[in-house]
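Written below as structure tokens is the structure these notes are about.
The values are calculated or read from the model by the stated rules, or taken from the named source; none is laboratory data. Nothing here was measured: the structure is a model prediction, and the numbers come from that model. Positions of Cβ are generated from backbone atoms using ideal geometry, with glycine treated the same way; all protein chains shown enter the neighbour counts. Just the protein is used for accessible areas: all its heavy atoms, side chains included, with ligands, DNA and RNA removed. Shrake-Rupley method; radii C 1.70, N 1.55, O 1.52, S 1.80 Å.
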Amino acid sequence: MSLVFSGIQPTGNLHLGNYLGAVRQWVALQAQHPCLFCIVDLHAITVPQDPAALRQAVLEVAAAFIASGINPDKSPIYVQSRVAAHAELAWILSCHTPLGWLNRMTQFKEKAGKAKDNAVLGLYSYPVLMAADILLYRATHVPVGEDQKQHLELARDIAGAFNRHYNSETFILPEPLIPAAAARIMSLRDGTKKMSKSDESDYSRINLKDDNDALRLKIQKAKTDPLPLPETVAALEGRPEAANLLQIYAAITGVTLAEAVAQYAGQTFSAFKKDLTEALVAHLAPIREEMARLLTDPAQLSVHLKNGQQAAENIAQNTIENVRQQIGL
Ligand code: TYM
């Protein structure tokens, strides 16, 4: 039995990295596998949030999932905090996770920065909650972008440690599914930095909510280099902005990076950027419009989330009962 599980934080806008690295894979996977998709609001509160904005962001992410092609009747969509077993299992797993494993997590180091003593505990233990999300459903496959790989490895380590400790097969060791292309979409302002929700400059990312004018402007302003586009994939070495824009073009039009390179070999950025803009508009405008339509009926979105919660709870309840029993709770 396979089960695909993944999650996204409801903070601000979903961007092109979230879409190409994660959501688009999910849409493809649901044709072949049972899937469960989680809006991870408990993860979001590891950094300060405005309550009203958080509530709205949850609905927007639900709308983005459905507008991107996730069928909530087939693949439940639900909100993490509504299924209490996530938090309970996270606590239990935290009692089975050596600090040394968490000390290796690069994301904490990046997010906490130099002021580690002021960072909140939740930011540090975040990867344990993420392990709980996945292990709770005995998920077999977890489609994510490359930045989540280390967290997935930790989830496997925790699952293995728990199983060995109780001499059981309570948890399944989940396999990451990282897309071959577009696993790491970079900032439009700096091709060496990941496209991210938290970047101060909105010009660094393409949001699913951006209108066509914003898309045009952002691609027009996207950083490039002075050379014409390269003749070969190998010649992209050392040209992170060119590599990123070509990768986005390839992913959005469904060609390989090699095909995109061949198509624009020796051309100027301005000609290429024109085509890239049109491709982005053609792909993203229908998603944006459908998102806006869905958001006019928040009650219907809440019905989907409620149904999703029920489906998730049915599975989660079994696992957590089993875990409690083994531990002696
Ligand atoms: P989050 O919300 O930061 O990102 C959601 C998904 O988008 C992918 N992603 C990217 N892919 C390619 N290029 C980028 N620039 C880019 N930025 C983000 C992420 O890899 C992710 O797949 N901890 C997770 C959420 C989470 C989760 C889980 C995921 C919580 N529990 C359980 C899977 C399973 C996170 O913060 O993702």
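Annotations
- Taking residues in the range 304-319 that are within 16 Å of Glu88 (Cβ to Cβ), and partners anywhere that are open to solvent by less than 20 Å² (accessible area, probe 1.4 Å) and assigned to a helix (DSSP H, G or I), the pairs with Cβ atoms closer than 6 Å and at least 6 places apart or on different chains are Ala316/Ala85.
- Members of the range 13-35 that are open to solvent by less than 50 Å² (accessible area, probe 1.4 Å) and more than 10 Å from the ligand (Cβ to nearest atom): Asn13, Val27, Leu29, Gln30, Cys35
- Selection status of Ala67, among the small types (Gly, Ala, Ser), near the ligand (Cβ under 10 Å from one of its atoms) and touching a residue at least 12 places away in the same chain (Cβ under 8 Å): no
- Sole exception among (1) within 12 Å of the ligand (Cβ to nearest atom); (2) under 16 Å from Thr319 (Cβ atoms); (3) acidic (Asp, Glu) for Glu88, by number: (1)
- Any hit, the range 48-61, residues being out of contact with any strand residue (DSSP E or B) (no Cβ under 6 Å at 6 or more places or on another chain), under 25 Å from Ser2 (Cβ atoms) and open to solvent by 10 Å² or more (accessible area, probe 1.4 Å): no
- Any hit, the range 278-289, residues being more than 24 Å from the chain's Cα centre (by Cα) and at pLDDT 95 or above: yes
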